[in-house]
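The structure under discussion appears below in the form of structure tokens.
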Amino acid sequence: MNNSISTDSREQGFVLVLALFMLTICTIIGIAAMSTSTTELDIAGNERVHKETFYQAEAASSAAIEALLSKDAYGEWSDKDKKFVNLAENSYIEIKHLGFLFEDRVDYPITSGKWDKDHQYNDETNTTDIDSVEAVPDIEIRIQNQFKADVDVDKVDVRHLAGSGAEFGSGAEGSGVSSHKVIYNMDCIGTLPSRHLRLADNTIDQYVPKSEVFLGYRYVPR
């Protein structure tokens, strides 16, 4: 005797619909997971670029300090020795503004006692509105495949050393009263070594990743 199982015609195709529904759910989950992974990779990549450009800008101050120490914070470079360090082909540290150590302190607004990076006096142009690292950097650092940054150095104050008079004497009998420190602000901007920081017209390329760092430095004359 043959046994047969009859099904309700209304149930035909239910398994196919269920399979398609589960496939859709799995597809959505997969797409969401891929989107999350892509976002995390972008975040990690951006963080790496930020750190690398930040370290480029921060390290640029070391070159500025060495240049400052080489002149004891007073003097200027000649055209023939503006290449402060000449390492190899396309690799150098160059003094772009030969007399930046002679720049006087400038307050902006006037007599405010405040330093503004975009309003410092430039003795080459006799202006106080374009002496910035973006417009006219004092030092340019280019080390092929390793380092790319620019620096602007501004003198912001000269102060007597605290306690020097008490420790070393006073008046004509001691040198303590003349002991002082010169305070500088360094505006450093850096990008990835593989990218061009500036365009052909020497303006900053706005489309490259870069970081800007402000650092203070105290120089005590020997």
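The values are calculated or read from the model by the stated rules, or taken from the named source; none is laboratory data. Because the structure is a prediction, the values reported are computed rather than measured. Methodologically, a virtual Cβ is constructed for each residue, glycine included, from the backbone with ideal geometry; neighbour enumeration extends over all protein chains shown.
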Exercise. How many residues does region 80-130 contain that are touching a strand residue (DSSP E or B) at 6+ places or on another chain (Cβ under 6 Å), not in a loop (DSSP other than H, G, I, E, B) and not β-branched (Val, Ile, Thr)?
Worked result: 7
Problem set entry | Qualifying residue in region 135-154 (condition: modelled with pLDDT under 85, assigned to a strand (DSSP E or B), within 23 Å of residue 220 (Cβ to Cβ) and not hydrophobic (A, V, I, L, M, F, W, C)) | no
Exercise. Residues of region 39-54 being of a type in the set (Ser, Thr, Tyr) and modelled with pLDDT of 80 or more, which ones?
Worked result: 53
For this session: With respect to residue 183, determine if the residue is hydrophobic (A, V, I, L, M, F, W, C), at pLDDT 95 or above, in contact with a strand residue (DSSP E or B) (Cβ under 6 Å, 6 or more places away or on another chain) and assigned to a strand (DSSP E or B).
Result: no
Problem set entry | Within region 76-97, considering residues that are of a type in the set (A, V, I, L, M) and modelled with pLDDT of 90 or more, the one nearest to residue 183 (Cα to Cα) | 95
Seminar exercise, completed: Screening 204, 189 for residues that are modelled with pLDDT of 95 or more and either in contact with an Asp or Glu (Cβ under 6 Å, 6 or more places away or on another chain) or within 21 Å of residue 74 (Cβ to Cβ) (or both) leaves only 189
For this session: Return a yes/no flag: does region 191-204 have any residue that is touching a residue at least 60 places away in the same chain (Cβ under 8 Å) and in contact with a helix residue (DSSP H, G or I) (Cβ under 7 Å, 6 or more places away or on another chain).
Result: yes
Problem set entry | Meets criteria (surrounded by fewer than 17 Cβ atoms within 10 Å (Cβ to Cβ), among the acidic types (Asp, Glu) and modelled with pLDDT of 90 or more) for residue 124 | no
For this session: Kindly indicate whether residue 177 is surrounded by 14 or more Cβ atoms within 10 Å (Cβ to Cβ), among the aliphatic types (A, V, I, L, M), touching a Phe, Trp or Tyr at 6+ places or on another chain (Cβ under 9 Å) and at pLDDT below 80.
Result: yes
Seminar exercise, completed: Flagged in region 104-143 as over 22 Å from residue 63 (Cβ atoms) and in contact (Cβ under 8 Å) with a residue 40 or more places away in the chain, in numbering order, are 104, 105, 106
